[in-house]
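One structure below.
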Amino acid sequence: MNVEKLRNDFPVLQKDVVYFDNACMSLKPVQVISAMQSYYENYTACGGRSMHQFSKKVDEEVAKARQTIKKFINAKSDNEIVFTKNTTEAINLIAHSLDWKQGDVVLTSDKEHNSNLVPWQQLKKQGIMHQAIQSNKDNTFNIENLKKVLTKKVKLIAIQQTSNLDGANFPIEEIAKLAHDNGTLILVDAAQSVPHMAVDVKKLDVDFLAFSGHKMLGPTGTGVLYGKYHLLENLNPFVTGGETVVETTYESAEFEKPPHKFEAGLQNYAGIIGLNAAIKYLMPIREEIHEHEVQLNKIISEGLKDKVTIIGPEDPKQRGGIVSFYTKMDSHEIALMLDQQNILIRSGAHCVHSWFNAHNLQGSARASVYFYNTKEEAKVFVEKTQKILALK
Amino acid sequence: MICILALVVFGILGIFSVSYRAIAKEAFDCVFRRITLRKCTTGLDKRLKSQITGKLMKRSPKTAKFVYTYFEAISWFFTILLIASLAYSAYGAYNYVMFGNCNGQQGGFCVYDVFAGNKTEYSTCAPVAAAGDLIKPEVTNHSFFGPENAELEIIEFGCYTCEYTRKAQPAVEKILETYQGKVKFYFLDFPIPAHEKSKELAIAAECAGQQGKYWSYYARLFRLETPVADEQLYQLAEQQGLNVDAFRQCYLDRETESIVDEDIALGKYAGIYGTPTFFIGNHTHVGPLSYKDFKKIVENELNS
């Protein structure tokens, strides 16, 4: 992977800026921007409705995107790929569409993003209970704790593959096996994993998997829900309306088969086309991304470990591209001062308020790298952060 | 404390741009909470502190550390300064409304003198000290513009190179035009020593006066951009139909310097400390006047 060459594809990187907020939003290469621009310039039209050439072209491009994603995550069929707005919507789709029974239990880890926590909490009104599995002291997943709470009442394990809090990975394959042995479904929040590593849904044997386009070079407002086809077939419709139905009468509606059953209304065609371009861009390099990020993580962790507390496992290899840390200085102060020096990071609770509240912490500063970041940038980040920390 | 500053600054900016309104609202919320003895929870103070410190770090890490450490004290200092400035500005505005001058009844300029040179007795066209009582000079034998028996007498002490005198000139000319026949106008030279050629221009105008063209030359002289070259003075003399050789001779030999010196002596007697100074009937005013204000004073004096 030639990082310097790849950086030329990103217009934003031609500016004097160090972008270390990739866990929130990735930058976009010209290939993605051009693909979307082409839609708007050459064939802006509705898909799946009109019969004209523009509409046909849109249908072709959307079908291609579905095919690309199928290959990308090694799904069995294109029909297992549902386009959503983002990971949050994909998770909500499952939360609202599964056939719940009173007393069912949903398990999550104790450091889930709000998007994989709040939807389950909301089910309490229907008599569905949510329970968080306590992590190890180093914030890694404790499989024994899962076994303790994995009863027959657990209908679903909804769990992230990579934590946006600390970058730690979860043993998804092992969790999926335990789940299935128990007759439990597993939904994986892969928002932080799919952009950074090869994810194979067949190998992992997960039932559902959700991820966002905007964290993997794609446009905002794009996301994907993967689901085993027979499971998707049994889900209730989520958002209904145009495109989700084959036929309607004044009294009833006959719903489409998946994935269209879940894709209500006019779709984000430009976004889907951009996402296709993003995934094509990532395919040839994705095997090398994780290792590159670990290299940068090592530089940052080594440079800061004496002055800050890094959240998560000590070994940078286990934290991928994320270094989340706190110190006596307010995390927002650190981020704002870095911003003044053109270094962009995230600060606060990173939508994992529950974890910070449980640990009585205000928040953390989070540097999250991607394949286009360099060792030099990591060193500059360390140097500037050290100077900021010396203020207090 | 920084929130009070932010409220004022972003409140004003917010009038013109929507992007500052959210910050102004945050600042208001923060100030309101502090007034009601609650903690400011918006984080605005922290953000401003971090952004200011971050900017300073690029230039001077030591200053950044100082500001970061003593930010609250610095905020207090600037807040007090702001309140004092606002109070002073309000006082000035009150004076302006009540007396037509932001310094109140004693007169003087409202603006900082950017033309200040060495501060001798009358070194600048802006005031260098608090005004003493000005004495209206006796100008019986001085040349004037307008009818002998005019209802109102206006005396101006001015300098051709003083920005304030030049600024006042359009209003003066318009007043003389508006009140033609009613006003008798005296222009007394009060050249500023710190200004290059200020006295020479006064001498040149008086030389034009020797040939009976004082008032037309005087008016044209104010329209020339400073600094004025001798050659321009000669050209102006030619344009005014003067005998240029005689004018040049008068100017180079400083034949009219004694007339200018007499004006200066009158000015010193009157206690002039800056130009322009106007004696409009019984009203005295230091500094340029807008036509509107000038007219108001003239009307008052004519009606009194």
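For segment A:157-170, check the following and say yes or no: at least one residue is open to solvent by 20 Å² or more (accessible area, probe 1.4 Å), under 14 Å from the mean Cα position of the chain (by Cα), within 20 Å of A:Ile311 (Cα to Cα) and not assigned by TED's automatic domain parsing to the domain that holds A:Val323.
The first filter runs over segment A:157-170 and keeps only residues open to solvent by 20 Å² or more (accessible area, probe 1.4 Å), leaving A:169.
Checking which are under 14 Å from the mean Cα position of the chain (by Cα) leaves us with A:169.
From what is left, the residues that are within 20 Å of A:Ile311 (Cα to Cα) are A:169.
If we keep only those that are not assigned by TED's automatic domain parsing to the domain that holds A:Val323 too, we end up with A:169.
Among the residues of segment A:157-170, at least one is open to solvent by 20 Å² or more (accessible area, probe 1.4 Å), under 14 Å from the mean Cα position of the chain (by Cα), within 20 Å of A:Ile311 (Cα to Cα) and not assigned by TED's automatic domain parsing to the domain that holds A:Val323, which makes the answer yes.
Report the residue count in segment B:206-231 for those that are without any contact (Cβ under 8 Å) to a residue 24 or more places away in the chain and buried (at least 16 other Cβ atoms within 10 Å of the Cβ).
2
In segment A:337-369, how many are within 14 Å of chain B (Cβ to nearest Cβ), crowded, with 16+ Cβ neighbours inside 10 Å and assigned to a loop (DSSP other than H, G, I, E, B)?
Total meeting the criteria: 4.
Which condition breaks for B:His195 when tested against (1) in a strand (DSSP E or B); (2) open to solvent by 20 Å² or more (accessible area, probe 1.4 Å)?
(1)
Does segment A:196-215 hold any residues that are buried (at least 23 other Cβ atoms within 10 Å of the Cβ), in contact with a helix residue (DSSP H, G or I) (Cβ under 7 Å, 6 or more places away or on another chain) and over 20 Å from A:Ile157 (Cβ atoms), and which are they?
A:His196, A:Ser212, A:Gly213
Between A:Lys70, A:Lys76, A:Lys148, A:Lys137, which is without any contact (Cβ under 8 Å) to a residue 60 or more places away in the chain, open to solvent by 40 Å² or more (accessible area, probe 1.4 Å) and in a loop (DSSP other than H, G, I, E, B)? It would help to see each step written out before you state the result.
Values: A:Lys70 fails: in a loop (DSSP other than H, G, I, E, B); A:Lys76 fails: without any contact (Cβ under 8 Å) to a residue 60 or more places away in the chain; A:Lys148 fails: in a loop (DSSP other than H, G, I, E, B).
Only one candidate passes the filter, namely A:Lys137.
For residues in segment B:68-81 being away from chain A (no Cβ under 14 Å) and free of Cβ contacts under 8 Å to residues at least 12 places away in the same chain, which is least open to solvent (accessible area, probe 1.4 Å)?
Among those that are away from chain A (no Cβ under 14 Å) and free of Cβ contacts under 8 Å to residues at least 12 places away in the same chain, it is B:Ile74.
In segment B:52-67, what count of residues is obtained for those that are exposed (fewer than 15 other Cβ atoms within 10 Å of the Cβ) and either farther than 13 Å from A:Lys387 by Cβ or more than 7 Å from chain A (Cβ to nearest Cβ) (or both)?
Counting residues in segment B:52-67 that are exposed (fewer than 15 other Cβ atoms within 10 Å of the Cβ) and either farther than 13 Å from A:Lys387 by Cβ or more than 7 Å from chain A (Cβ to nearest Cβ) (or both) gives 5.
Inspect segment A:311-327 for any residue being in the same structural domain as A:Val352 (by TED's automatic domain parsing), without any contact (Cβ under 8 Å) to a residue 12 or more places away in the chain, open to solvent by 10 Å² or more (accessible area, probe 1.4 Å) and not in a helix (DSSP H, G or I) and give the result as yes or no.
So far as segment A:311-327 goes, yes, one or more of its residues are in the same structural domain as A:Val352 (by TED's automatic domain parsing), without any contact (Cβ under 8 Å) to a residue 12 or more places away in the chain, open to solvent by 10 Å² or more (accessible area, probe 1.4 Å) and not in a helix (DSSP H, G or I).
Look through segment B:286-304, keep the residues that are under 21 Å from B:Cys159 (Cβ atoms) and open to solvent by less than 20 Å² (accessible area, probe 1.4 Å), and return whichever of them is nearest to the chain's Cα centre (by Cα).
Taking the candidates together, the pick is B:Gly287.
Mind counting the residues in segment A:27-51 that are open to solvent by 40 Å² or more (accessible area, probe 1.4 Å) and within 25 Å of the chain's Cα centre (by Cα)?
The total comes to 7.
Out of segment B:58-77, which residues are polar (S, T, N, Q) and touching an Asp or Glu at 6+ places or on another chain (Cβ under 9 Å)?
Filtering segment B:58-77 down to residues polar (S, T, N, Q) leaves B:60, B:63, B:69, B:75.
B:Ser75, the sole residue that qualifies.
Given the conditions (1) open to solvent by 60 Å² or more (accessible area, probe 1.4 Å); (2) modelled with pLDDT of 95 or more, and given that B:Asn141 satisfies all but one, which numbered condition is not satisfied?
Among (1) open to solvent by 60 Å² or more (accessible area, probe 1.4 Å); (2) modelled with pLDDT of 95 or more, B:Asn141 violates only (2).
State all residues of segment B:237-256 that are farther than 14 Å from B:Ile203 by Cα and either open to solvent by 50 Å² or more (accessible area, probe 1.4 Å) or of a type in the set (A, V, I, L, M, F, W, C) (or both); if no residue qualifies, say none.
B:Glu238, B:Gln239, B:Gly241, B:Leu242, B:Asn243, B:Val244, B:Asp245
Return the residue satisfying two criteria in turn: it lies in segment A:323-336 and is under 26 Å from the mean Cα position of the chain (by Cα) and at the interface with chain B (Cβ under 7 Å from one of its Cβ atoms), and of such residues it is farthest from A:Asn169 (Cα to Cα). Step through it out loud before you land on a result.
Step one: filter segment A:323-336 for residues under 26 Å from the mean Cα position of the chain (by Cα), giving A:323-326, A:331-332, A:334-336.
Those left that are additionally at the interface with chain B (Cβ under 7 Å from one of its Cβ atoms): A:332, A:336.
Numbers: A:His332: 26, A:Leu336: 29 Å.
So, considering only residues that are under 26 Å from the mean Cα position of the chain (by Cα) and at the interface with chain B (Cβ under 7 Å from one of its Cβ atoms), the one farthest from A:Asn169 (Cα to Cα) is A:Leu336.
Touching a strand residue (DSSP E or B) at 6+ places or on another chain (Cβ under 9 Å), in a helix (DSSP H, G or I) and surrounded by fewer than 17 Cβ atoms within 10 Å (Cβ to Cβ), is that true of A:Val62?
no
Would you be able to say whether some residue in segment A:222-236 is of a type outside the set (Asp, Glu), free of Cβ contacts under 8 Å to residues at least 24 places away in the same chain and open to solvent by 60 Å² or more (accessible area, probe 1.4 Å)?
Within segment A:222-236, the subset of a type outside the set (Asp, Glu) is A:222-232, A:234-236.
If we keep only those that are free of Cβ contacts under 8 Å to residues at least 24 places away in the same chain too, we end up with A:230.
Now restrict to residues that are open to solvent by 60 Å² or more (accessible area, probe 1.4 Å): A:230.
Checked against the condition, which is being of a type outside the set (Asp, Glu), free of Cβ contacts under 8 Å to residues at least 24 places away in the same chain and open to solvent by 60 Å² or more (accessible area, probe 1.4 Å), segment A:222-236 yields at least one hit.
Among the residues in segment A:281-301, are any in contact (Cβ under 8 Å) with a residue 40 or more places away in the chain, in a helix (DSSP H, G or I), open to solvent by 20 Å² or more (accessible area, probe 1.4 Å) and touching a Leu at 6+ places or on another chain (Cβ under 8 Å)?
yes
Note down all Cβ pairs under 7 Å where the first residue falls in segment B:276-291 and is in the same structural domain as B:Gly158 (by TED's automatic domain parsing), the second is basic (Lys, Arg), and they're at least six residues apart or on different chains.
B:Phe279/B:Lys136; B:Pro288/B:Lys167; B:Tyr291/B:Lys174
Considering only segment A:66-98, how many residues are more than 18 Å from the chain's Cα centre (by Cα) and either β-branched (Val, Ile, Thr) or within 20 Å of A:Thr220 (Cβ to Cβ) (or both)?
0
Return yes or no: is B:Gly267 among the small types (Gly, Ala, Ser) and assigned to a loop (DSSP other than H, G, I, E, B)?
On the way: among the small types (Gly, Ala, Ser): yes; assigned to a loop (DSSP other than H, G, I, E, B): no.
Against the criterion (among the small types (Gly, Ala, Ser) and assigned to a loop (DSSP other than H, G, I, E, B)), B:Gly267 does not qualify.
Could you tell me whether any residue of segment A:278-297 is under 18 Å from A:Ala23 (Cα atoms), among the small types (Gly, Ala, Ser) and either outside the structural domain of A:Asn164 (by TED's automatic domain parsing) or in contact with a strand residue (DSSP E or B) (Cβ under 9 Å, 6 or more places away or on another chain) (or both)?
No, every residue in segment A:278-297 fails to be under 18 Å from A:Ala23 (Cα atoms), among the small types (Gly, Ala, Ser) and either outside the structural domain of A:Asn164 (by TED's automatic domain parsing) or in contact with a strand residue (DSSP E or B) (Cβ under 9 Å, 6 or more places away or on another chain) (or both).
Condition check ((1) open to solvent by 50 Å² or more (accessible area, probe 1.4 Å); (2) more than 14 Å from chain A (Cβ to nearest Cβ)) across all residues:
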residue: B:Ser17; (1), (2): no, yes
residue: B:Lys25; (1), (2): yes, yes
residue: B:Thr42; (1), (2): no, no
residue: B:Leu48; (1), (2): no, no
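If I filter segment A:370-392 down to residues being within 14 Å of chain B (Cβ to nearest Cβ) and among the basic types (Lys, Arg), which single residue comes out as farthest from A:Leu217 (Cα to Cα)?
A:Lys392
Would you point out which residue out of B:Glu238, B:Glu231, B:Glu225, B:Glu255 is more than 30 Å from B:Asp133 (Cα to Cα) and under 19 Å from the mean Cα position of the chain (by Cα)? First the steps, then the outcome.
On the way: B:Glu238 fails: under 19 Å from the mean Cα position of the chain (by Cα); B:Glu231 fails: under 19 Å from the mean Cα position of the chain (by Cα); B:Glu255 fails: under 19 Å from the mean Cα position of the chain (by Cα).
Criteria check complete, one pass: B:Glu225.
The values are calculated or read from the model by the stated rules, or taken from the named source; none is laboratory data. The model shown is predicted, which means the values in this text are computed figures rather than measured ones. Don't worry about glycine lacking a Cβ; one is built from the backbone with ideal geometry, like all the others, and counts go over all protein chains shown. When the accessible area is computed, the model is the full protein with side chains, heavy atoms only, and any ligands, DNA or RNA have been set aside. Shrake-Rupley method; radii C 1.70, N 1.55, O 1.52, S 1.80 Å.
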